[in-house]
Amino acid sequence: MTQKLTPATTALLVIAPLMWAGNAVAGRMVHTLVSPFTLNFLRWLLAFALLLPLAHGVLRPGSALWGQWRRFALLGLLGIGLYNALQYMALQTSTPINVTLVGASMPVWMLLVGALFFGARVAARQVLGALLSIGGVLLVLSRGEWAQLLALRLVPGDLFMLLAAISWAFYSWLLVRTSAPAGMRGDWAGLLMAQVVFGLGWSGALSAFEWATGRGHVTWNALFVAALAFIAIGPAVVAYRCWGIGVQRVGPAIASFFSNLTPLFAALLSAALLGEAPQLFHAAAFALIVGGIWVSSQRA
């Protein structure tokens, strides 16, 4: 049962997109230094090492994890193996601002996935909020000129990010609609480790495929090491912890609108670190996204 949106829950749901915006900027900064699947694998390998002292008991043969290994294998595939790999692939050909704004279509996919696969009821305010958000997405895809939508050609990065958003929608609904094992309830590190251990397997397989096809590469330098450390601690451990609590409290549909704060943080960070100043249409798109958050979070 979902709870009312409180200031504490709001803070948790704001921390996650702040970390994810940093992830997009960091991924863009090192996109020439490392291939996307390899970056995803190294990120979660380091996150696994960070979680190990807190949740090593989950890996024991008799732990509650193995009774629901199929559930955690699927969560690891959708939320760790696919979502992050697709986002890093998107950043190969697109900017952090565009990638995060395309990801703002997530509320639409969250509502559709919830209604079609999880029997969720869709309120009118949620539909209106989703329409406002998708308006922001169309605005950035058209670069502020609506006539361009008729001849719009999505770059590969845009398509990869759309697939990532769909993957995250399934992940979020599975996270809240399937119960955790009795021995792991309230153990945030254990629940995250259960996903990471399988996600590490999926991301490792994708990285191995990348290297087997001659597309894998990594250049170790100070910039890459710093970026890797950040995305393993902030966007991986901290953001997933905050998002998991927020989704459990208010449900995926409302929480998804907070993920659309990511473009604002991405624009600010890109301007500060990459010199990619936001344009006027970015501001208009963000206004639509914020409007979507406000409308969708209102109670009937």
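The values are calculated or read from the model by the stated rules, or taken from the named source; none is laboratory data. Values in this document were obtained by computation on a predicted structure and should not be read as measured data. So basically every Cβ, Gly included, is an ideal-geometry build from the backbone, and we count neighbours across all protein chains shown.
Just wondering, is there one or more residues in the stretch 86-101 that are crowded, with 24+ Cβ neighbours inside 10 Å, small (Gly, Ala, Ser), within 16 Å of Ser207 (Cβ to Cβ) and in contact (Cβ under 8 Å) with a residue 60 or more places away in the chain? The answer is no; no qualifying residue exists. I'd like to verify a number: residues in the stretch 122-138 that are touching a residue at least 40 places away in the same chain (Cβ under 8 Å) and over 11 Å from Met110 (Cβ atoms), how many? Counting residues in the stretch 122-138 that are touching a residue at least 40 places away in the same chain (Cβ under 8 Å) and over 11 Å from Met110 (Cβ atoms) gives 8.
Residues in the stretch 278-300 that are among the β-branched types (Val, Ile, Thr) and at pLDDT 75 or above: Val295 only.
Yes or no, residue by residue, for (1) in contact with a helix residue (DSSP H, G or I) (Cβ under 9 Å, 6 or more places away or on another chain); (2) surrounded by 13 or more Cβ atoms within 10 Å (Cβ to Cβ); (3) under 17 Å from Gln92 (Cα atoms); (4) modelled with pLDDT under 95:
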{"position": "Ala182", "(1), (2), (3), (4)": "yes, no, no, yes"}
{"position": "Asp187", "(1), (2), (3), (4)": "yes, yes, no, yes"}
{"position": "Val196", "(1), (2), (3), (4)": "yes, yes, no, yes"}
{"position": "Ser203", "(1), (2), (3), (4)": "yes, yes, no, no"}
{"position": "Gly216", "(1), (2), (3), (4)": "yes, yes, yes, no"}
{"position": "Asn221", "(1), (2), (3), (4)": "no, no, no, no"}
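Every residue, every condition in (1) out of contact with any Pro (no Cβ under 8 Å at 6 or more places or on another chain); (2) part of a helix (DSSP H, G or I); (3) free of Cβ contacts under 8 Å to residues at least 24 places away in the same chain; (4) surrounded by fewer than 21 Cβ atoms within 10 Å (Cβ to Cβ), yes or no:
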| position | (1), (2), (3), (4) |
| --- | --- |
| Phe257 | no, yes, no, no |
| Pro263 | yes, yes, no, no |
| Ala272 | yes, yes, yes, yes |
| Gly275 | yes, no, yes, yes |
| Phe281 | yes, yes, no, yes |
| Ala284 | yes, yes, no, yes |
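Asn23 meets each of the listed conditions (1) modelled with pLDDT under 95; (2) closer than 18 Å to Asp187 by Cβ apart from (2).
A quick yes/no check of all residues on (1) touching a Lys or Arg at 6+ places or on another chain (Cβ under 9 Å); (2) modelled with pLDDT of 80 or more; (3) of a type in the set (Gly, Ala, Ser):
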| residue | (1), (2), (3) |
| --- | --- |
| Gln87 | no, yes, no |
| Ile97 | no, no, no |
| Leu112 | no, yes, no |
| Leu116 | no, yes, no |
| Ile134 | no, no, no |
| Leu150 | no, no, no |
| Val155 | no, no, no |
| Ser167 | no, yes, yes |
| Ser172 | no, yes, yes |
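In the stretch 7-119, counting only helices (runs of 4 or more DSSP H) that sit wholly within it, the ones holding 2 or more residues that are closer than 22 Å to Pro156 by Cβ span 7-29, 36-55, 83-90, 96-102, 106-117.
Against the definition (within 18 Å of Ile166 (Cα to Cα) and either of a type in the set (A, V, I, L, M) or crowded, with 18+ Cβ neighbours inside 10 Å (or both)), how does Leu65 come out, yes or no? Taking the combined requirement at face value, the residue does not satisfy it.
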